[in-house]
Structure formats: structure tokens, C-alpha cells
Amino acid sequence: MRVPAATPPDRISPNAFGRDRILFGLAAFLIALLAIWVGFPLLAPIYLLLSCVGLYEYSRLLKLRGISIQLRSLWLVTALTVPASLPAQILGGHSPIEGLSWRILLLILFVIYVIILKLINPKKYSLSNVVATVLGYVYIPWLFSFVITLRYYPDNILGLWSLAIPILAVIGADTGGLFFGALFGRRKLIPRISPKKTIEGALGGLVLATIGVVCILALLHKVSGPDIGWGDGIALGLLAATGAQIGDLIESLFKRWVGVKDAGVLLPGHGGVLDRIDSVIVAMPTAYLFLALFIVVK
């Protein structure tokens, strides 16, 4: 089907800024702020809901390629991932195996479980089932669980800032990419993966993310928050924003392989849950690694 000349395929239509999309985006932003502030009592159920729905969408997409996954097992291990994502000092003890966190240990045990399950009852497509199931766990609930980890790194109070900075960077990257791409987008970023994304949109997203991080750093220093330097804070924001854009491209690649436009239709104007959390999935572990390796939050 030809796209009308009035709406070129490489530019974002004004309809992309529809009322439903804007209202839902605002509601999601307010809920995210509330979850960051409240912490585990609200963050955990939101994580569970989004992860389980995301896995369901992932399962439906793979069925279009004739691949099945162990969805119930994935839902169960997602629930176990919640406590495994909390830092050791919050859990009250380290993993029984020195050098392995509870989350890493859970991943190893889940991989072994999935393989044994298929060895007991082998079928024609057992290998693809194992690979797709493990990939689904790593890609969605395992990586996404760093949202919970960041909220409590290094502790309950300072963790609010550890999560707020990359979350704001992700919002800035997504919003800036959308608006700057619509207004100034000319050169394609990676057209074979995502034809509508432009270099101008990607750079605009990084600029808006940096502005957002500078604002939250100014607030952080004003209220005597953790001692994060301006350079480290901006680097953290830029890495999270870059991770957000990479996460978006990964999901675009997956949808192009499957042959669909949206991962689901549950969210007004936004497609599916995976279409909304794809940025966070990569941005949060990226932010955590940078914090853990290069910044001593105090």
C-alpha cells in the first residue's frame, strides 16, 4: 500500500502527537515520578505488571515466526527476580556463592532449569524454545529489574537520585528524539532498522536529556543530595540516554524481523508495553554499571 505523498514515510506525521498519546504519556510520567518517590511498594508491582505483559507480547510476536516459549516459567522467574534485584544490604545478606549476586545466580539456575526441562521432554523445536525463552528472560525482566536496583543504590534515600537521573535522561531522549526528528529530521540514522529515526532526532534527544540532567543536578545540589559532580552526572545522563536509543533500536530490529509495526495495542497511541519500556530496558543497567564502576555515591 502506497503512503500518500502528503505524509512521507521518513517524517513523523502531526497525528503522532494525538491527544490520546499526549494524555497517556503525561499519566505515565506522573506514575513514574510517584513510583520513584514511593519506592518498592509501588515500584515492584509496576515492574511485575509491565514485565509480565511485555513477556506476553514477546510470546505473541514469536508465534508469528512459529517459535514458542515457556511463558508460565518466565512469569514465575519474573516474580523471583523482584527480591533478587534488591542490593545485598537491603536483602540482609549476600548470595550463597561468593562473587555472584542473587540476580546472576537466578539467571544461571533458570537457564539450567529450561535446558533440563527440554532434555526430559525433547521435541523438534526444543533448541529454539530454549534460546527464545532464555533471551526473553534476559531481554525483558532481567535487564528491566535494574530499575529496582537503582532505586536502592547505594541506599533507600540516595537511591532516589540514582534512579531519577537516568529516568529523566530516558524521558529526555525519547521526547527530544520525537520532536527534533519531526522538526529537523533529514538524515537517516539506521534506515534498515528504523526508517523514521534520524540523526537530528537522536542528537536532539541527547541534548534534551543533557538539559534535564543539568536541571536535576542543580536541584540535587540545592537540597544537599548525594555528592555527584557535574561531569559525572552529565556523563551518567548521556550514557542512559544513549542506552535508551539503543534499546529502542533493538526493539525496532526485533519488530522488523517479525514483520509488525507495534509490539501490542494495549496503550492508547503508544502500541504495546514493549514499545514503551524498550528504552528503559537498556538504559537502566547501563546507568547502574556506570554508577557502580565510576561513581561513589555518598
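The values are calculated or read from the model by the stated rules, or taken from the named source; none is laboratory data. A quick note: this is a predicted structure, and the numbers were derived from the prediction, not measured. Cβ sites come from the backbone with ideal geometry, for glycine too, and all protein chains shown count toward neighbours. For accessibility, only protein heavy atoms count, side chains too; no ligands or nucleic acids. Shrake-Rupley method; radii C 1.70, N 1.55, O 1.52, S 1.80 Å.
Computed FRET efficiency, Cβ-Cβ of residue 257 and residue 221, R0 51 Å: what is it to the nearest 0.05?
Here the calculated transfer efficiency is 0.70.
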With label points built 7 Å along Cα→Cβ from the Cα atoms of residue 67 and residue 126, find their separation and express it in nm.
1.9 nm
Put a dot 7 Å past each Cα toward the Cβ at residue 138 and residue 97; how far apart are the dots in nm?
1.6 nm
So, taking all protein chains as they sit and a 1.4 Å probe, how much accessible area belongs to residue 38, in Å² rounded to tens?
70 Å²
Past 25 Å, Cα to Cα: identify those pairs from 188/255; 63/124; 196/255; 63/123, in the order given.
none
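How much accessible area per residue does the range 158-217 have, counting only protein heavy atoms and a probe of 1.4 Å, in square angstrom?
Heavy-atom SASA per residue in the range 158-217 reads 44 Å².
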What ranking, highest mean first, results for peptides 29-37, 119-127, 232-240, 272-280 when packing means the other Cβ atoms within 10 Å averaged over each residue?
272-280, 232-240, 29-37, 119-127
